[in-house]
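S.K.: I am attaching a structure below and will ask some questions about it afterwards.
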Amino acid sequence: MTEIAYLGLGSNLGDRLDSLQRAVDLLGDEAGITLTRCSRVWETDPVGGPPQPDFLNVVVRAQVDLLPLDLLAACQRVEAALGRVREVRWGPRTVDIDVLLIADRSIDEPELVVPHPRLHERAFVLMPLLELEPDPVLPDGTRLVDVRLGPDAAGGVRVFAPPLRLS
C-alpha cells in the first residue's frame, strides 16, 4: 500500500549541500521510495548536542511502498553510504535522515517513533515541512500550524538555497 511520508534531512560536515543532494539521489534510488517534492534548503543553528557547525536542512515528500521499519532501514542505508558515524548524540554528521510522518500512522517502537517526537519543537523541521504541506495534521488531530514554538526553537533558521533536484 502506497503512503505519503515526510523525511527530514540534515548535514553539517563537509560539503553540506552536496551531501544533501547525494542523500536525496540515493533515497530516490531505493526500491519502494518515490520522492515527489523537496523544500527549499534551510540553514540552521545547531540545536542540542556539543558545539558544532551550522546545519543545512530539507524536508522531502515521498510516496512509499514500504513498511515503516523498512523505510527507516532505507534511510539508514543512505546515511551509512554517505559516511554517517553515530558517536555523539546530536553531534555533527555528514547526513541525518529522520522519518517525520508516515500518512496518519502513530508508531511507537524502540527503533522508530512516528510522528517524530521532536517534530513540533524544531523550526528547522517545521519551516521546510510547512512549505510542502501547509496544514499537516498529526494522527492525534493536532494541526501543526496551531503548535506554538518555544522561544528558542525559531532562532537561527534562514533560507539558504532553492529546493534540491529530484531524479
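The values are calculated or read from the model by the stated rules, or taken from the named source; none is laboratory data. The structure displayed is predicted, hence computed values, not measured ones. For neighbour counting, all protein chains shown are included, and Cβ atoms are generated from backbone atoms with ideal geometry for every residue, glycine included.
S.K.: For the stretch 1-24, enumerate the residues that are part of a helix (DSSP H, G or I) and in contact (Cβ under 8 Å) with a residue 60 or more places away in the chain.
M.R.: Passing the criteria: L17, S19, L20, Q21, R22, A23, V24.
Yes or no, residue by residue, for (1) in contact with a strand residue (DSSP E or B) (Cβ under 6 Å, 6 or more places away or on another chain); (2) surrounded by fewer than 19 Cβ atoms within 10 Å (Cβ to Cβ); (3) modelled with pLDDT under 95:
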residue	(1), (2), (3)
D15	no, yes, no
G28	yes, yes, no
A31	no, yes, no
V41	yes, no, no
D45	no, yes, yes
P51	no, yes, yes
V58	yes, no, no
Q76	no, yes, no
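S.K.: Then there is this: Could you figure out which of (1) free of Cβ contacts under 8 Å to residues at least 12 places away in the same chain; (2) crowded, with 18+ Cβ neighbours inside 10 Å isn't true of P117?
M.R.: Of the numbered conditions (1) free of Cβ contacts under 8 Å to residues at least 12 places away in the same chain; (2) crowded, with 18+ Cβ neighbours inside 10 Å, the odd one out for P117 is (2).
S.K.: Name every residue in the stretch 60-74 that is over 13 Å from A31 (Cβ atoms) and of a type in the set (V, I, T), in order of residue number.
M.R.: If the condition is that a residue be over 13 Å from A31 (Cβ atoms) and of a type in the set (V, I, T), then V60 is the only one that fits.
S.K.: Here's something else I'd like to know. Return only the number of the condition from (1) over 17 Å from I4 (Cβ atoms); (2) modelled with pLDDT under 95; (3) in a loop (DSSP other than H, G, I, E, B); (4) within 16 Å of the chain's Cα centre (by Cα) that L164 does not satisfy.
M.R.: The one condition L164 does not meet is (2).
S.K.: Scan the strands (runs of 3 or more DSSP E) fully inside the stretch 25-100 and keep the ones with 1 or more residues being over 21 Å from R118 (Cβ atoms), in contact (Cβ under 8 Å) with a residue 60 or more places away in the chain and within 14 Å of the chain's Cα centre (by Cα).
M.R.: Filter on the stretch 25-100 gives 33-38.
S.K.: If L20 meets every condition in (1) buried (at least 19 other Cβ atoms within 10 Å of the Cβ); (2) over 20 Å from V125 (Cβ atoms) apart from one, which number is that one?
M.R.: (2)
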